Amino acid sequence: MLPLVTDCERAAQFLLDSVGCDDYPVCPFDLADAWGFDLVYSHGRSWTAGNIIFVERAAPHRMRWDICHEMGHCIADHLGMDARDEMVANLIAAATLLPRKHLTREIERTNWSFPDLTRLFQVSWEVLARRIIHLESAVITIVDNGDVRWRGKTPWADLPTWTDTLQEWERILLERAARDSKHLAAGNLVTAYSLPSQAWHRVFLVAEAQAWAWRTASLSA
């Protein structure tokens with residue numbers, strides 16, 4: 001695990017331990033209250049001023065994220081970290097909403113099921129994807145309306161054939177999932193999740209790193 005990720009893991013655990021929270025889904029409203037923050041609804045964005053966290057009215061998972069993100073800045077400052085760094089706040093927020101010991105257990109129990117994991121922890125699909133990349137050995141790609149929006153792999157995953165460009169088998173699976181608006185499994189621990197909406201059609205391709213490497217090698221031979 002990268003040093004910054006490790007430090008943010010510890011900061012998130014400090015926050016959870018400080019209020020005796022060892023369950024999930026984590027309640028950001030309770031965390032904020034325990035640390036003496038007042039929550040005020042705002043319009044347009046979320047920010048913190050003194051002991052007030054201004055939270056944009058949005059979908060529940062977005063509000064949960066915004067509160068933990070703002071608290072991430074505050075916890076970073078309390079622990080002497082770079083409180084202005086947005087990545088630090090994001091990593092602390094992700095580790096708070098998706099505690100390591102609970103998430104790793106549920107990943108194994110659900111066999112990497114994103115629908116189950118997002119429901120259990122009450123987070124968005126993208127927050128879960130970015131958290132897993134820093135926790136488990138994985139390759140995850142997010143595609144919006146046919147265009148790659150984000151693609152990442154676990155930094156310490158040993159993938160000799162890795163490239164930012166989609167493999168042919170990935171492209172085919174993504175296109176099939178988008179066309180059929182279905183979740184498609186391509187063998188064990190490789191799944192394309194189709195999430196159509198009125199605004200766009202999003203597809204997540206989630207693969208355990210070794211499953212990705214095996215499939216890439218076997219189909220390239």
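At a Förster distance of 30 Å, what's the computed FRET efficiency of residue 43 paired with residue 148, Cβ-Cβ distance as r, to 0.05? Mind dumping the intermediate values first?
Details: r = 32 Å, r/R0 = 1.06.
Taking R0 as 30 Å, the efficiency between residue 43 and residue 148 is 0.40.
Based on the mean of other beta carbon atoms within 10 Å per residue, what is the order of 115-126, 34-45, 175-186, most packed first?
Going from most to least packed, we get 115-126, 175-186, 34-45.
How large is Rg/Rh for the chain, to two decimals, with Cα atoms and a Kirkwood Rh?
Rounded to two decimals, Rg/Rh equals 0.99.
Report, to the nearest 10°, how far helix 3-18 tilts away from the longest principal axis of the Cα atoms in the chain, using its own Cα long axis and a range of 0 to 90°.
Tilt relative to the chain: about 50 degrees.
Quick one: which of 153-161, 22-30 comes out on top by average Cβ neighbours within 10 Å, and what's the full order, highest first?
Going by the mean number of other Cβ atoms within 10 Å, highest first, we get 22-30, 153-161.
What list of ³J(HN,Hα) couplings, whole Hz, do you get for region 23-38 from phi and the Karplus terms 6.51, -1.76, 1.60, once you set θ to phi - 60° and write x for glycine and proline?
9, 8, x, 5, 9, x, 5, 5, 4, 4, 5, 5, 8, x, 8, 9
With equal scatterers on the alpha carbons only and no solvent term, can you work out the Debye log10 of I(q)/I(0) for region 54-124 at 0.15, 0.27 1/Å?
Evaluating at q = 0.15, 0.27 Å⁻¹ gives log10 I(q)/I(0) of -0.55, -1.11.
Take the alpha carbon atoms of region 92-166, find their center, do the same for region 1-32, and report the distance between the two centers in whole angstrom.
For region 92-166 versus region 1-32, the Cα centre distance is 18 Å.
Given region 179-221, report the % of alpha carbon pairs whose separation exceeds 14 Å.
Considering region 179-221, 53 percent of its Cα-Cα pairs are separated by more than 14 Å.
Read-outs throughout are calculated quantities, based only on the coordinates presented, and are distinct from any laboratory measurement. As the structure is a prediction and not an experimental result, all values here were calculated from the model. FYI the Cβ positions are ideal-geometry reconstructions off the backbone, even for glycines, and counts take in every protein chain you see.
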